[in-house]
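The values are calculated or read from the model by the stated rules, or taken from the named source; none is laboratory data. Since the model is a prediction, treat every value here as computed from it, not as a measurement. Every residue, glycine as well, gets a Cβ built from its backbone with ideal geometry; the counts of neighbours run over all protein chains shown.
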Amino acid sequence: MKAAPLPPPADDDEEMAAWKAPAAMLLVQLFNTGMVLLSKVAIGGGMFVFALLTYRSLFGAAFILPIALLRERGKWKEMDWHAAGWIFLNAFIGYAIPMSLYYYGLQDTTASYAIIFLNLIPLTTFILSFMLRMEPLRIMSTSGSLKIAGVVVSVGGTMIISLYKGKILHLWNPVFHPHNEDAASHQLRGSIFLAGSSFMLACWYLIQSKVMKVYPYKYWSSMTTCLVGGFQTALAGLIFRRDKNAWKIGWDINLLTVVYSGALATALKYSLNSWAVSKKGPSYPPMFSPLSVVFTVVLGSIFIGDDITIGSLIGTVLVIVGTYIFLWAKANERLEK
C-alpha cells in the first residue's frame, strides 16, 4: 500500500517576503536618511554641489551596470535614438535639475527640513496628474475624499514647519558641529529651491510611463539615466565653476558621501525597491517614505545638531499622518478597481 503523498511545502518565498519586505523598506529609508545627512555635512564643509552630483551619478551607474548585465543581458542593443532621447530628457528632468535644486535647498536649510519635501512628491504628483486630467479625483468616493484630506494635512504640516518654530528642545549634544550659518539666513531661498525640486520630480514621475514604453528595461534605463545625468551635471558645473580645486576629492567625508550615495542610496536602494514592488505591488514602497522624516529628525539632531522645535515636531507629525492617509487611500483605490 502506497503511503499518502506529502503535502506540498509552503511557499518559502512568500514567507520570507512577509518579513524581508518591511526590512528592505526600512533599509531604503535609512539609506535616504544617510544620504541627506552626509550630503548636508559635505556641502556645509564646502563641497561643490555639481561635483557631488556628477560623482554620485557616475558611481551609481557603475554600481547598477553589473546588475543590468546580469538581469537584462544584451538588452542594451535595443536602445535606439528615440529611446536615447527620452532617457536624456529623463536624466535632465529627473536628476540634473531637481537634485541640483535639492542640494542647494539643503545647503540653505537643515536636513530634517529638506527631507520633508521628498515626502511631498507623491502628493505633488497626484495634484499634477489631476490638473493634467491623467487621474480622476472622485470626490464623492471615500478614497477620493481621503486623498484630498491627506494632501491638505501634509501641506498644512509643511507650512507649520516653515512658518512656526516655537521652543527649541535641547535633548542631547550633537556628535558633529557642521557649518549651519546659512540654514537660518536663507530659509526662504532654500524653501523655494526645495519646492522646485519636488515639482520637477513630480513631473519626472509623469514621464516614467513613456520612458518604460519606448525602452522597457529598468536596469539599463536606470544605468544610462545615471550616466547621462552625470555628464549633464558635469557640464553645468564646468559652466558655473572652472576652478579645478572644486572638483578634487580626497579620502574624506566627500568621498564617503559620493560612494554612499552611489552604492547604497542609488544602486542598492533601486534594487530593493524593485524587489519589493515585484512581491508587494507598486503602492508598497511609498508607504514607508514618512519614516525617513522620523529618522532624519532624530539622527540629524543627534549627529549634526539640527534643532528640534515644537513647530517642527507638530509639522512632522502632520506630514507623516497626511502622507499615510493619502497613500492608504491610493492603495485602497487600486484594490477597488
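Among the residues of region 205-237, just one is buried (at least 21 other Cβ atoms within 10 Å of the Cβ) and more than 22 Å from A263 (Cα to Cα), namely Y215. Contact map, region 239-265: first residue under 22 Å from V36 (Cβ atoms), second residue of a type in the set (K, R) and modelled with pLDDT of 90 or more, Cβ cut-off under 7 Å, separation 6 or more or different chains; pairs are V258/R56; S261/R56; G262/R56. Listed by position, the helices (runs of 4 or more DSSP H) enclosed by region 198-288 that each have at least 2 residues that are basic (K, R), at negative phi and in contact with a helix residue (DSSP H, G or I) (Cβ under 6 Å, 6 or more places away or on another chain) are 269-280.
For G45, the conditions (1) more than 19 Å from Q232 (Cβ to Cβ); (2) without any contact (Cβ under 8 Å) to a residue 60 or more places away in the chain; (3) of a type in the set (G, A, S) all hold with the exception of (2). Restricting attention to region 1-49 and to residues that are part of a loop (DSSP other than H, G, I, E, B) and among the aliphatic types (A, V, I, L, M), the residue that is modelled with the highest pLDDT turns out to be M47. Flag set for L171, criterion: in contact with a strand residue (DSSP E or B) (Cβ under 7 Å, 6 or more places away or on another chain) and either farther than 14 Å from N119 by Cβ or modelled with pLDDT of 80 or more (or both).
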